[in-house]
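To start, the structure itself, in C-alpha cells.
The values are calculated or read from the model by the stated rules, or taken from the named source; none is laboratory data. Computed from a predicted model, the values in this text were never measured in an experiment. Quick reminder, even Gly has a Cβ in these numbers, built from the backbone with ideal geometry, and neighbours come from all protein chains shown. These area figures cover heavy atoms from the full protein model, side chains too; ligands, DNA and RNA do not enter into them. Shrake-Rupley method; radii C 1.70, N 1.55, O 1.52, S 1.80 Å.
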Amino acid sequence: MKTVKLNITGMHCASCSALLTKRLEKTEGVKSAVVNFAAEKASVEYDELKTSADALIMVVKDSGYDAKQASKESAGLHNEEDISRLRLKLILGVILSFPALLLGMVFMDAFGIYTNYVLWALATPVQFYIGLQFYKGAWSALKNKTSNMDTLIALGTSAAYFYSVYLVLTNPMGEQFFEAAAVLITLVVLGKYLEAVAKGRTSEAIEKLISLSPKKATVIRNGVEVKISIDEVIAGDIIIVNPGQKIPVDGVIVSGCSSIDESMITGESMPVEKKEGDEVIGATINKYGAFNFKATKVGANTTLSKIIQLVEDAQTKKAPIQRFADTVSSYFVPAVLIISLITFIAWYFFLNADFTFSLIVTVSVLVIACPCALGLATPTAIMVGTGKGARNGILIKSGEALEKAHKIKCVILDKTGTITKGEPDITSINPVNNYTKKELLVLAASIEKGSEHPLAEAVVKKARGLKMKKVKRFKAIPGHGVSAMIGSKLYCAGNQKLMNDFKINTEKAGGKVKFFEEMGESVIYVAEEKELIGLITVADTIKESSPEAVNELKKMGVEVYMITGDNKRTAKAIAGKVGITNVFADVLPEDKAEYVKKLQKEGYVGMVGDGINDAPAIAQADIGIAMGSGTDVALETGNIVLMKDDLIDVSKAIKLSRQTMSKIKQNMFWALFYNSLGIPIAAGVLYPSLGLLLNPMVAGGAMALSSVSVVLNSLMLRMKKL
C-alpha cells in the first residue's frame, strides 16, 4: 500500500469534500481516502498494482475539481495561487458590480431607456466569467447526482439574472435584478477570498517548518570540502558546521563542541551544550563553536521531515466530531433546495405575492443557507491546534488524538526517563561477604555489561577504567535482572524477584535494603552461586519540572498514577517526592498494558513513557504520549510526542485539546445557529408581522461573513496560553 497527498482546488463547501471522498473511495485499488476542505488536501492510501497517483488525479478532475501531487515546494504555493486567482476575480467583480449597484439603486435614469441594457452588459461578465466556477461546481455535482454550495449560488443568481433578462426584453424601463445577481456573486467571491487568506494562516505552522530547512551543506569528500545541496547529502557524510550556521541534517558530532539553539524543534529557548558523541538535529542553529558531524538521517528520515509529516497527517485526518458536520452538510443542501421551492410555492400560490417578491425570498433562502461555515468549523480548528502544538514542541499525530485528549480522566506516568531523568547513578556499594567494594563493583559490572537496562548502565559507567572479568552464558531476564558465568561460577545481579528465582537468601541484608528503599534508592542484589555477596544502590534524579507537572495535572482534575518495575517502598518514596499517591510497583514490562486496561474501565487513560517496554502500554492507552528522547518504537506508537522531553507538556497537550474542542463547539454552534435563524428570516417568516425581508445581496454578505467568522474564531486559538 502507498499513500499519496494531493493539493485540490475548486472545492467550495463540505459537500465538495464529501463528494470527492466518495469518488476516491469507490476507485478500484483505493483502501482509504480523506479529503480536507479547509486544508484543500486529500490523503489517499492505495494499492500500486491496481491504480496510480495519476489515475487518482484524473478521478478528481473528472469530478469537476483540479488536483496535483503535493510536495514541499508546492505547500505554500498552493494557497498563494488560490488567493491570487480569487483576488483577480474580486477586483474585476468590484469594477463591474459597484457601478451596477449605483445604477440599479441610485442613478436609475442615468442612461434613460438604455440604463437596464447597461446593467445587463455590466452583470453578464460577472455572471458568466467571475461566476463560472459556481456553474462548473454545480454541473459536477449534478453529474455525480448530488448538490453543493455551487448549486445554491448558481440557481439563486441565475434565477435573478435570467428573470431580469426576461423583464428587460418585455419592458426595457421596468424593474430588474441585474445588480443583485452581480453584487451577490462578488460578495461570495469576497467571502471566498477572505476565507482563503484566513485559511492560509491556519497552515502557517507547516510553511514555517518547511522554511527552517537549510538548502546547502559543506561536506568532506575524498579529503576535500565541498558545498552541495542538502538533497545530495547521504548517510555517513562528514559535515562541517561553523558558528551561526544551520545544521543541515541529523547526525552525531565526531569532533569539536558547541552550543546549539534547538528551539525551532523542541520549543525550548535555552541553547543546548553539545560535545563529541552527542546527537544533533537538522535545521537547528549552531550558536558559537565549530564542529564536524557524521550524517545519520537524511531526506525524509530527518527529525524535521518527520515532524512536518506528522503535522501534515494530523491536519489531513478527520477528527470523529467532523463526521457530524459532514453528515449534516450532506443532507443540508438538498434540504435547502426543497425549502426554497416550498418558499416560492407558499408565497406565490398561497399567500398571493407577486412573482418578483416570491423570487426574491427564494433567492435569499438559496444564498444564505450555504453550509460553508459548518464545513470549516472542525478542520480549521484542528489545523490551528496541531500547528500551535508543533510550535510548542507538542506533536499531535491526528485530529482524533487532539479530540480524544480532552477526555482524559487519568494519566499513567512511567518512572524511569519520564518522571526521572533516566540517568541513574551509583550511590553506594555494600559488600556483605569477604569482597571489597572494588571487587564487588567489577563482578557486577562484568555481568551487567550485556544489559541495556538504565540501572545496569549506571553500574558499568561507575566501573569505567577498571578491568572487567570475562563472562559467558550471559542471560537477561526482563523485569528481574541478569546472570552469567565467570570462570566456573554462576553470578547474578538484579532485584528481589531474581533472588527468589535463584533461591538466594537475602534476609541478612533486610534492614539495609529497607533503609535504602525508603530513601527512594533502587537496590541491586549481587550473588555468587547461592550466596548473596553484596548490595549496590542506585538513585535516579527526578526531573526539575516533574513535581510542577504532576500538580498541574491534578489542578486540571486529572488523576495521576506512577508505574514502575521498582519495589513498593522505592516506588512510593519517589512518587512521594513528586506528589503522586497512586503507585503501581513491581510491574513487569509486559504487564504494563494490563494496568492501563484496568483504568480504562473508569474513563479515558493517557499513558506517558519513553522506552521499548512502554510501547505496549502506550498503544493500549486511549492516548499514548511518548517523550521526545524516547526510543523510535515509543515515538511510533504514541499519539502525541513531546519533543522537549518535559513532563509539564503533558498538561499542555491536554489543555490544547480542551481549547481546540471548545473552538470546534463554538464554531459548530454559530454555524448551525446562523443557518437555523437565517433561513426562516430569508424565507420571509417575519415579513407579515414586522415587514422584515432579507435582500439577496444582504443574504450573500451574511453567508460570506459567517464562513470568515468561523475561520477567524479558529485563529483565536493561537492567542490562547498553554
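Sort out for me the strands (runs of 3 or more DSSP E) sitting completely within the range 208-266 that have 2 or more residues that are more than 31 Å from the chain's Cα centre (by Cα).
216-221, 224-229, 238-241, 250-256
Is it the case that Met661 is open to solvent by 50 Å² or more (accessible area, probe 1.4 Å), modelled with pLDDT of 90 or more and not polar (S, T, N, Q)?
It is false that Met661 is open to solvent by 50 Å² or more (accessible area, probe 1.4 Å), modelled with pLDDT of 90 or more and not polar (S, T, N, Q).
Could you please find all residues in the range 541-587 being closer than 30 Å to Asn433 by Cβ, open to solvent by 30 Å² or more (accessible area, probe 1.4 Å) and touching a residue at least 40 places away in the same chain (Cβ under 8 Å)?
Selection gives Gly565, Asn567, Arg569, Asp586.
I'd like the residue in the range 480-496 that is of a type in the set (Ser, Thr, Tyr) and buried (at least 16 other Cβ atoms within 10 Å of the Cβ) and, out of all such residues, is nearest to the chain's Cα centre (by Cα).
Ser483
Give just the number: which of (1) farther than 22 Å from Phe344 by Cβ; (2) open to solvent by 50 Å² or more (accessible area, probe 1.4 Å); (3) part of a helix (DSSP H, G or I); (4) of a type outside the set (A, V, I, L, M) does Tyr166 not satisfy?
Of (1) farther than 22 Å from Phe344 by Cβ; (2) open to solvent by 50 Å² or more (accessible area, probe 1.4 Å); (3) part of a helix (DSSP H, G or I); (4) of a type outside the set (A, V, I, L, M), only one is false for Tyr166: (1).
Residue by residue, here is whether (1) crowded, with 20+ Cβ neighbours inside 10 Å; (2) of a type in the set (Asp, Glu); (3) modelled with pLDDT of 90 or more; (4) in contact with a strand residue (DSSP E or B) (Cβ under 6 Å, 6 or more places away or on another chain) holds:
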| residue | (1), (2), (3), (4) |
| --- | --- |
| Leu20 | yes, no, no, yes |
| Asn36 | yes, no, no, no |
| Ala42 | yes, no, no, yes |
| Lys68 | no, no, no, yes |
| Ala75 | yes, no, no, no |
| Glu81 | no, yes, no, no |
| Val106 | no, no, no, no |
| Phe111 | no, no, no, no |
| Ala121 | no, no, yes, no |
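On the basis of being within 30 Å of Ser714 (Cα to Cα) and among the small types (Gly, Ala, Ser), does Ala369 make the cut? Let's see the steps before the verdict.
Numbers: within 30 Å of Ser714 (Cα to Cα): yes; among the small types (Gly, Ala, Ser): yes.
In short, yes.
Quick check: anything in the range 136-159 assigned to a helix (DSSP H, G or I), of a type in the set (Phe, Trp, Tyr), open to solvent by 10 Å² or more (accessible area, probe 1.4 Å) and in contact with a helix residue (DSSP H, G or I) (Cβ under 6 Å, 6 or more places away or on another chain)?
Let us first name the residues in the range 136-159 that are assigned to a helix (DSSP H, G or I), namely 136-143, 149-159.
Next cut, of a type in the set (Phe, Trp, Tyr) only: 139.
Pick out the ones that are also open to solvent by 10 Å² or more (accessible area, probe 1.4 Å) and you get 139.
With in contact with a helix residue (DSSP H, G or I) (Cβ under 6 Å, 6 or more places away or on another chain) added as a condition, the list becomes none.
No, the range 136-159 contains no residue that is assigned to a helix (DSSP H, G or I), of a type in the set (Phe, Trp, Tyr), open to solvent by 10 Å² or more (accessible area, probe 1.4 Å) and in contact with a helix residue (DSSP H, G or I) (Cβ under 6 Å, 6 or more places away or on another chain).
State the number of residues belonging to the range 21-36 that are part of a strand (DSSP E or B), in contact with a Ser or Thr (Cβ under 6 Å, 6 or more places away or on another chain) and not hydrophobic (A, V, I, L, M, F, W, C).
Total satisfying the criteria: 1.
Considering Leu337, Leu341, which residue is at pLDDT 80 or above, open to solvent by 70 Å² or more (accessible area, probe 1.4 Å) and closer than 20 Å to Pro696 by Cα?
Every option except Leu341 fails the conditions.
Which condition from (1) assigned to a helix (DSSP H, G or I); (2) within 30 Å of Val550 (Cα to Cα); (3) not hydroxyl-bearing (Ser, Thr, Tyr) is the one that Gly422 breaks?
Evaluating Gly422 over (1) assigned to a helix (DSSP H, G or I); (2) within 30 Å of Val550 (Cα to Cα); (3) not hydroxyl-bearing (Ser, Thr, Tyr) leaves (1) as the failure.
If you take the residues in the range 497-533 that are in a strand (DSSP E or B), open to solvent by less than 40 Å² (accessible area, probe 1.4 Å) and at pLDDT 90 or above, which one is farthest from Leu443 (Cα to Cα)? Steps first, answer last, please.
We begin by selecting, within the range 497-533, every residue in a strand (DSSP E or B); these are 522-528, 531-533.
Then drop every residue that is not open to solvent by less than 40 Å² (accessible area, probe 1.4 Å), which leaves 522-528, 532-533.
Next, only the ones that are at pLDDT 90 or above stay: 523-528, 532-533.
Details: Val523: 16, Ile524: 12, Tyr525: 12, Val526: 8, Ala527: 10, Glu528: 9, Leu532: 13, Ile533: 10 Å.
Ranking the qualifying residues of the range 497-533, first place goes to Val523.
Show the residue pairs that are 6+ apart or on different chains and have beta-carbon atoms under 6 Å apart, the first residue being within the range 438-455 and in contact (Cβ under 8 Å) with a residue 12 or more places away in the chain, the second being part of a helix (DSSP H, G or I) and open to solvent by less than 10 Å² (accessible area, probe 1.4 Å).
From the range 438-455, the pairs are Ala444/Val459; Ala445/Val459; Glu448/Ala456; Glu448/Val459.
Could you grab me the full set of residues in the range 344-364 that are in contact with a Pro (Cβ under 9 Å, 6 or more places away or on another chain) and either surrounded by fewer than 17 Cβ atoms within 10 Å (Cβ to Cβ) or not aliphatic (A, V, I, L, M) (or both)?
Leu351, Ser364
Can you name the residue in the range 558-574 that is of a type outside the set (A, V, I, L, M) and modelled with pLDDT under 95 and is also nearest to the chain's Cα centre (by Cα) among such residues? Give the steps one after another, and end with the answer.
As a first pass, look at the range 558-574 and keep what is of a type outside the set (A, V, I, L, M): 559, 561, 564-570, 572.
Filter again for modelled with pLDDT under 95, leaving 564-570, 572.
On the way: Thr564: 30, Gly565: 33, Asp566: 35, Asn567: 38, Lys568: 38, Arg569: 40, Thr570: 38, Lys572: 36 Å.
Going through the qualifying residues, I end up with Thr564.
Pairs under 6 Å by beta carbon, first residue within 13 Å of Ala160 (Cβ to Cβ) in the range 121-140, partner assigned to a helix (DSSP H, G or I) and of a type in the set (Phe, Trp, Tyr), six or more apart or different chains?
Ala123/Phe178; Gln127/Tyr161
For Leu20, indicate whether it is within 30 Å of Ile153 (Cα to Cα) and without any contact (Cβ under 8 Å) to a residue 60 or more places away in the chain.
yes
Counting only residues that are in a helix (DSSP H, G or I), among the polar types (S, T, N, Q) and touching a residue at least 12 places away in the same chain (Cβ under 8 Å), how many does the range 643-700 have?
Going through the range 643-700 one residue at a time, the tally reaches 7.
Considering Ser446, Ser428, which residue is polar (S, T, N, Q) and touching a Leu at 6+ places or on another chain (Cβ under 9 Å)?
Ser428
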